[in-house]
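To keep things clear, I will list the structure first and then write my remarks on it.
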Amino acid sequence: MGKLASRLLIFLILLGIVAAVAFAMNPSEEDHKTKLYSAIQQKVAGDGIIEKQISKLAEKAGLLEKTGVEYEYQNYLVFSTMKKEGEAVTLGLFGKIFVLDDSI
């Protein structure tokens, strides 16, 4: 086996390992929802005492889940997204979830 073929084989093995780790650590739909609702709660809460109390009451009443906005989970095996009206609002990769859209 030549030097180029050996390097290609090593690269493919490493790529396979990275893909397997990404697959195993891909966040679930529930993980996306938890992160999304947390981001919504932080946005609503504000800094004031009244806003924080209203946010706590809304959370207890389950109002964040009943916003009427449809979120769609997309699993691409090595990463995942949560979409609102066709636009990605969260990205899940290697066990982490990132909020992409501030307008949630």
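Every number in this text was worked out from the coordinates using simple rules, so none of it is lab data. Computed from a predicted model, the values in this text were never measured in an experiment. Backbone-built Cβ (ideal geometry, glycine too); neighbour counts: all protein chains shown.
For Glu85, what is the net charge nearby, where nearby means another residue's Cβ is under 12 Å from its Cβ and Lys, Arg count +1, Asp, Glu -1?
Values: positive: Lys83, Lys84; negative: Glu70, Glu72, Glu87, Asp101.
Spelling it out: positives minus negatives among the neighbours equals -2.
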Between Ser103 and Glu70, what is the label-to-label distance in nm when each label sits 7 Å out along the Cα-to-Cβ direction? 1.8
Charged-residue dipole, Cβ positions (Lys, Arg, Asp, Glu), the range 1-46 about Cα centre, Debye nearest 20: 260
